[in-house]
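Student: Quick one: the structure is below, and I'll ask about it shortly.
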Amino acid sequence: MILQAQNLVKHYGEHVALRGLELAVDAGEVFCLLGANGAGKTTTIQLFLGFIEPTSGSAKIKGLEVREHAQETKRYLAYIPENVMLYPNLTGVENLEYFTTLAGVDADVATLRGILSQSGLPDDAADRYVGTYSKGMRQKVGIAMAVARKAELLLLDEPTSGLDPKASNEFAQLVTRLRDEGVAVLMATHDLFRSREIATRIGIMKQGQLVAQVDAGDVTHNDLERIYLEHMHD
Amino acid sequence: MSLLTSVIGKEVREVARDGRLRLLGVIVVVLALAALAFGAQQTQRAQDARERAAQAAQKQWEGQGDKNPHVAAHYGTHLFAPTSVATALDPGVSAYLGRSVKVEAHKRNLAEHSSAEDGGLRIGQFSVAAVLLLLVPLLIIALGYGSWSLERERGTLRQLLSTGVNRSTLMWGKAAALTLVIAALMVPAGLVIVGVLWALGGGDGHTLLRLGLTAAGYGTYFGVFGGLTLYASAAARSSRGALVAMVGVWGLFCLIVPRVATEIAEVARPLPSASQVSADIERDLRKGLDGVSDPDKIIDARIKELMAEEGLVNTGLLVDDAYLTGFELQAEAEWEDSIYDHHTEALEAAIADQEAAVAWASVASPYVAMRSLSAGLSGTDYAHHRHFTDAAERWRKALVTQLNSDFASNAGAKGWDYQADEKLWEKAPPFAYAEPGIDFALRTHWRSLLGLGLWWVLAVVLAIASARRARVV
């Protein structure tokens with residue numbers, strides 16, 4: 001198992017963000033977390049990133065407790081937030097080179113250009129300052145980071161939010177490709193359509209708990225929407 | 001490429017590509033070089049004026065013609081402090097203190113300005129030291145306030161830390177990049193400074209050592225602001241908060257603490273006015289330090305002592321009038337010197353106490369520490385001024401003694417009609433004043449050195465702590 005949450009609890013003072021979350025994602029699997037704002041999706045991802053510590057319970061990546069192995073577990077993952085934030089005064093390839101170097105990947109510039117190209121970034125954009133990039137282009141650099149790092153786990157936090165349909169579709173194809181290459185993906189999203197399209201399993205979160213789980217192959221878009229709305233209206 | 005090199009490279013590249021920061025850096029360097037040009041011009045003018053004035057004074061002294069030696073002592077001459085080339089870098093308090101002393105019989109004069117230095121008074125505040133002390137820290141703040149806070153606000157810190165990079169690697173990379181950027185601006189400017197000072201005659205090892213230590217001092221001073229800025233960037237809730245906090249710290253260090261320290265020193269150890277000192281000296285010359293002495297009796301007693309030292313008491317010999325006048329003049333001079341020395345020493349002690357009080361403010365402000373250290377290493381602080389005026393006073397006493405001795409020995413029956421000629425004037429001891437060595441400045445400013453060192457240690461500790469302190473979410 002690449003990623004595993006066991007009875008994961010997170011309190012922010014009086015507020016309970018996660019209530020005993022149980023979750024597991026294996027290689028080649030895309031687990032989409034659906035839920036309203038404040039359901040605990042981002043908290044879950046930040047716990048696996050080690051940016052916050054759980055109140056109790058366990059968050060493991062490749063069997064290693066994130067809290068105890070914060071640096072080591074990051075070697076296996078790549079993170080793409082809602083807005084992949086890059087350095088505006090560096091070019092696309094310079095950003096990619098910087099982040100991959102920090103991640104311990106030794107790749108030459110030609111290889112990185114190739115990865116950017118495979119990730120859907122126009123060739124002429126690689127040497128442009130990122131300050132001129134659209135959000136979709138930045139998300140593609142985020143994907144390129146994951147590819148360059150050969151990440152075994154991808155943590156996506158609403159990565160298609162705000163993307164136009166074309167960019168969103170391209171992003172989904174890239175994630176699907178990574179899934180097919182054996183990467184485990186945990187994606188928090190509001191996008192029922194995309195999650196049905198790329199997920200292997202879908203979980204619905206409400207008030208810090210996983211209230212429903214379905215196999216994406218077993219449901220239609222309509223089914224998924226109905227299940228989601230049923231839980232939201234409870 | 002190592003992780004650290006990678007962080008440094010990225011940070012430097014970002015600064016180099018930010019037009020606003022480039023412009024800011026260029027402005028600071030241009031201001032420093034402009035201040036250097038002004039300072040060099042002033043120093044050159046002061047050196048030339050000193051040279052001319054010293055030669056004129058020497059010529060006037062040697063060419064004063066036949067004259068009674070004591071009358072010549074009354075006319076006196078002028079002594080001039082050497083103008084160190086480092087004045088072009090840091091005029092210190094030299095712009096406010098005189099660089100020449102009139103030496104004459106019966107009186108210890110305070111130093112005064114030569115006309116050539118009046119211009120220095122007007123632009124004394126705009127110096128390379130002022131740019132380094134006040135503006136470079138602001139540049140460091142502008143470069144560093146976003147080190148952590150902007151990364152957090154832009155979201156790049158999350159992206160960075162998700163790579164697994166160590167926080168301390170980021171911190172050292174950011175600190176090294178900040179150092180490199182400042183060095184890239186300051187080192188070429190520093191080489192220009194050395195070149196200009198060399199051209200002004202400061203190419204000797206002594207001056208280069210002073211400049212080297214000054215550069216090390218400023219490096220430490222900049223490091224203090226760098227470390228504090230990194231910490232503020234990590235601790236503040238926003239980049240704007242970090243910027244405001246550091247500008248506040250700059251104002252506290254560079255404007256408020258120096259002013260408050262000076263005020264406290266003045267209240268704790270007030271200095272008498274010049275007119276008060278003159279009045280006190282006049283009073284004590286008439287009635288002695290205890291207020292009840294009779295100077296005539298004291299001088300008479302001293303005359304007897306001087307005669308006894310020469311074996312002229314109870315010998316039954318008649319003592320030549322002129323010889324006696326010589327003893328009288330010597331005894332009178334000693335009495336006057338004792339009064340002047342007492343008041344001068346009291347004044348110097350009060351000034352030293354004030355300086356010490358301000359120097360202790362180094363623990364509350366690295367600016368105070370570096371300001372006094374910079375002036376000390378440039379030889380333009382009050383201690384160097386005092387070193388010169390003390391030497392001038394010693395020379396004055398030696399000259400007056402020599403002239404009075406000549407009167408006593410050679411006047412004979414001519415008495416006050418005796419006139420010496422240029423042979424005596426040429427025998428006046430040369431005023432070969434040598435500025436004190438670097439150890440003098442370091443010993444004088446040990447409090448500042450200590451204060452700066454403590455600030456540097458604190459800044460390094462806080463910079464290291466900033467890596468842990470920086471919040472991701």
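Student: How big is D for segment B:74-228, in µm² s⁻¹ as a whole number, if Stokes-Einstein is applied with the Kirkwood radius of its Cα pairs at 4 °C and 1.567 mPa s?
Tutor: 68
Student: Ignoring ligands, DNA and RNA, what accessible area per residue does segment B:1-153 give at 1.4 Å, in Å²?
Tutor: 43
Student: Per residue of B:296-308, what is the mean number of Cβ atoms on other protein chains within 10 angstrom of that residue's Cβ?
Tutor: 0
Student: Below 8 Å between Cα atoms, with a sequence gap of 6+, how large is the relative contact order for chain B in percent?
Tutor: 26
Student: Let me ask another. Sequence gap at least 6, Cα distance under 8 Å: using those rules, report the relative contact order of segment A:86-150 to the nearest whole percent.
Tutor: 47
Student: Compute, for A:Asp223, the solvent-accessible surface of its heavy atoms (probe 1.4 Å) with the complete set of protein chains present, and express it in square angstrom to the nearest 10.
Tutor: Estimated to the nearest 10 Å², A:Asp223 gives 50 Å².
Student: On a 0 to 90° scale, report how tilted helix B:446-469 is relative to the longest principal axis of chain B, with both axes built from alpha carbons and the result rounded to the nearest 10.
Tutor: Roughly 0 degrees between the two axes.
Student: How large a share of the accessible area of the protein assembly as shown, in percent, is made up of carbon and sulfur atoms when the probe is 1.4 Å and the other protein chains stay in place?
Tutor: Reported share for carbon and sulfur atoms: 57 percent.
Student: Working from Cα positions, state the angle (0 to 90°, nearest 10) between the long axis of helix B:239-251 and the longest principal axis of chain B.
Tutor: Its long axis makes an angle of about 0 degrees.
Student: Another question, then. For segment B:326-347, list residues with backbone N below 13 Å from a point placed 7 Å from the Cα of B:Lys304 toward its Cβ?
Tutor: Within reach of a label on B:Lys304: no residues.
Student: Based solely on C-alpha atoms, express the radius of gyration and the Dmax of segment B:159-271 in angstrom.
Tutor: Cα radius of gyration and Dmax of segment B:159-271 are 19.6, 63 Å respectively.
Student: Give the lysines whose C-alpha is closer than 21 Å to that of B:Lys102, dropping any in the same chain fewer than 8 places away, or say none.
Tutor: B:Lys59, B:Lys67, B:Lys397, B:Lys427
Student: For segment A:86-150, what percent of Cα pairs sit more than 20 Å apart?
Tutor: Here the tail beyond 20 Å accounts for 11 percent of pairs.
Student: log10 I(q)/I(0), Debye, Cα-only chain A, no solvent, q = 0.08, 0.15, 0.18 Å⁻¹?
Tutor: Taken in order of the listed q values, log10 I(q)/I(0) reads -0.29, -0.99, -1.34.
Student: Pop out a list of residues from segment A:85-120 that are at least 30 Å² less accessible with all the protein chains around than in their chain alone; 1.4 Å probe, no ligands or nucleic acids counted.
Tutor: Listed by number, the residues meeting the 30 Å² cut-off are A:Met85, A:Tyr87, A:Asn89, A:Leu90, A:Glu94, A:Tyr98, A:Phe99, A:Thr101, A:Leu102.
Student: In the protein assembly as shown, if every C-alpha pair distance is counted and binned at 10 Å from zero, what percent goes to each bin?
Tutor: Bins of 10 Å from zero give 3, 12, 17, 15, 12, 10, 9, 7, 6, 5, 3, 2, 0, 0 percent of pairs.
Student: Continuing with the same structure: With each label point set 7 Å from Cα along the Cα-Cβ vector, what nm distance links B:Leu450 and A:Ser117?
Tutor: The modelled label-to-label distance comes out at 6.7 nm.
Student: When the solvent-accessible surface of protein heavy atoms is calculated with a 1.4 angstrom probe, in what order do A:Asp124, B:Asp421, B:Asp439 fall, highest first?
Tutor: Descending order: A:Asp124, B:Asp439, B:Asp421.
Student: Okay, moving on. Multiply the residue gap between B:Asp296 and B:Glu348 by 0.36 nm, knock off their C-alpha separation, and tell me the result in nm, one decimal place.
Tutor: Answer, rounded to one decimal: 15.9 nm.
Student: Hey, another quick one. Working from the alpha-carbon coordinates of segment B:362-422, get Rg over Rh, Rh being the Kirkwood radius.
Tutor: 1.45
Student: Counting only protein heavy atoms and rolling a 1.4 Å probe, how much accessible area do A and B lose on contact, total for both sides, in Å² to 100?
Tutor: When A and B are taken together, about 2400 Å² of accessible area is lost.
Student: Rounded to the nearest 500 deg cm²/dmol, what is the calculated helix-only ellipticity per residue at 222 nm for the protein assembly as shown, with -39500 (n - 2.57) per DSSP H run of length n ≥ 4?
Tutor: For the protein assembly as shown, the value works out to -19500 deg cm²/dmol.
Student: Using only the alpha-carbon atoms, how far is helix B:382-410 inclined from the longest principal axis of chain B? Give it as 0 to 90 degrees, nearest 10.
Tutor: It is inclined by approximately 10 degrees.
Student: Which residues of segment B:138-170 end up with at least 20 Å² less accessible area in the presence of all protein chains than when their chain stands alone, using a 1.4 Å probe?
Tutor: Relative to the lone chain, where solvent access is computed with a 1.4 Å probe, segment B:138-170 loses at least 20 Å² at B:Arg154, B:Thr156, B:Arg158, B:Gln159, B:Leu160, B:Leu161, B:Ser162, B:Thr163, B:Gly164, B:Val165.
Student: Using the heavy atoms of the protein chains and a 1.4 angstrom probe, tell me the accessible area per residue for segment A:86-150 in square angstrom.
Tutor: Accessible surface, normalised per residue, equals 36 Å².
Student: Pick from A:Ala151, A:Ala107, A:Ala172: which residue has the top mean-square fluctuation in a GNM of chain A where Cα pairs under 10 Å get a spring?
Tutor: Sorting by GNM fluctuation, first place goes to A:Ala107.
Student: Note down the nm distance, to one decimal, between modelled labels 7 Å out along Cα→Cβ at B:Ala274 and at B:Ser338.
Tutor: The two pseudo-label positions are separated by 2.9 nm.
Student: In addition: I need the Kirkwood Rh of chain B: take the reciprocal of the average 1/r across all distinct C-alpha pairs and report it in angstrom.
Tutor: 25.9
Student: Additional query: For segment B:316-397, build the convex hull from the C-alpha positions and give me its volume per residue in Å³.
Tutor: 94
Student: Here is a further query. Using a 10 angstrom Cβ neighbour count of at most 14 plus a DSSP loop assignment to flag exposed trypsin sites (Lys or Arg not before Pro), which longest range of chain B is free of such sites?
Tutor: B:1-236
Student: Please compute the contact order of chain A in relative form: average sequence separation of alpha-carbon pairs under 8 Å and at least six residues apart, divided by the residue count, as a percent.
Tutor: 29
Student: With each pseudo-label sitting 7 Å past Cα toward Cβ, what's the A:Leu64-B:Val473 distance in nm, one decimal?
Tutor: 2.0
The values are calculated or read from the model by the stated rules, or taken from the named source; none is laboratory data. What you see is a predicted model; the values in this text were computed from it and never measured. Cβ: placed from backbone, ideal geometry, glycine included. Neighbour counts: every protein chain shown. What goes into the accessible areas is simple: the full protein's heavy atoms, side chains included, and nothing from ligands, DNA or RNA. Shrake-Rupley method; radii C 1.70, N 1.55, O 1.52, S 1.80 Å.
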